[in-house]
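Take a look at the structure below.
The values are calculated or read from the model by the stated rules, or taken from the named source; none is laboratory data. Predicted, not measured: the structure shown is a model, and the values here were computed from it. Ideal geometry is used to build each Cβ from the backbone, glycine not excepted, and the neighbour counts take in all protein chains shown.
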Amino acid sequence: MHIPDGPLSVSAVGIGILGAGAALAAAGTAWGLRRLDYERVPQVALLSSAFFVASLVHVPLGGTSVHLVLNGLVGLVLGWAAFPAILIALTLQALFFPGLGGFTTLGVNTVVMALPAVATYAMCHRLVRSPSQTAALVAGFAAGSVAVLLGAVLLAAVLVATGKEFERLAQAVLLAHVPVAVIEGLVTSSAVLFLRKVRPELLEAPWGPAAWEPSDG
């Protein structure tokens, strides 16, 4: 789910997409940092590392390659802080593994993966803390699978908007990520059940900035 350097730089539309992606990624990261409780910084580091490692294992499929993304899990645990966490991981990947992306597409790739993470957090974060374990299981599966599918849709839209020559690749991306979405859903739901038992507080990422709320003192 990475766009490498090059394809978006050959047309005016592609350059515009690069600029918009950079602006949205910067805005999302700034917003996420403002809403990050300092006590949750280690969680950002841990989830950023997990995202980094998962993205390194690629499986060829349908003319493209796919890998676990874990952005649904990142979103459930971090909320808006998914933006800086994913940006850090993608920056390290661009630095050490240029084939997985690049610095010119860093903003676009961040938006493609972090925006679905925040969206699934907004949709599912209450349910994963539900007293009903079944509801939490379903919400975890939905968060993992929907985040991947939304990311694939965003990626395909970027490719189609860039030029007609990328339409077949966009179709391949969408089809290839359907089985990945199922696997991501299973992984995320399992992680949710595990966290509910051992560290339920990790599923309580605030929508607002708890560390910035005014105090009585």
Filter result for A142 (in a helix (DSSP H, G or I) and at pLDDT 95 or above): yes
Count of region 162-172 residues which are in a helix (DSSP H, G or I) and loosely packed, with under 15 Cβ neighbours inside 10 Å: 4
Residue within region 120-132 that is part of a helix (DSSP H, G or I), among the β-branched types (V, I, T), under 17 Å from the mean Cα position of the chain (by Cα) and crowded, with 16+ Cβ neighbours inside 10 Å present: yes
Any hit, region 173-182, residues being farther than 21 Å from L46 by Cβ, at pLDDT 95 or above, under 17 Å from the mean Cα position of the chain (by Cα) and surrounded by fewer than 20 Cβ atoms within 10 Å (Cβ to Cβ): no
Residue within region 174-189 that is closer than 19 Å to V108 by Cα and aliphatic (A, V, I, L, M) present: yes
Every pair of residues 6+ apart whose Cβ atoms lie under 8 Å, when the first sits in region 101-121 and is closer than 16 Å to P7 by Cβ and touching a residue at least 40 places away in the same chain (Cβ under 8 Å) while the second is assigned to a loop (DSSP other than H, G, I, E, B) and among the aliphatic types (A, V, I, L, M): G101/I3; T105/I3; V108/I3; N109/M1; N109/I3; V112/M1; V112/I3
Tabulated pairs, region 30-49, first farther than 19 Å from G107 by Cα, second modelled with pLDDT under 90 and part of a helix (DSSP H, G or I), C-beta under 6 angstrom, 6+ apart or interchain: D37/A210; D37/A211; Y38/A211
When residues of region 70-117 are limited to those that are among the aromatic types (F, W, Y) and either within 13 Å of the chain's Cα centre (by Cα) or surrounded by 24 or more Cβ atoms within 10 Å (Cβ to Cβ) (or both), the one modelled with the lowest pLDDT: W80
So V153, is it surrounded by 19 or more Cβ atoms within 10 Å (Cβ to Cβ), modelled with pLDDT of 90 or more, within 16 Å of the chain's Cα centre (by Cα) and part of a helix (DSSP H, G or I): no
Tally, over region 1-52, of residues that are assigned to a helix (DSSP H, G or I) and basic (K, R): 2
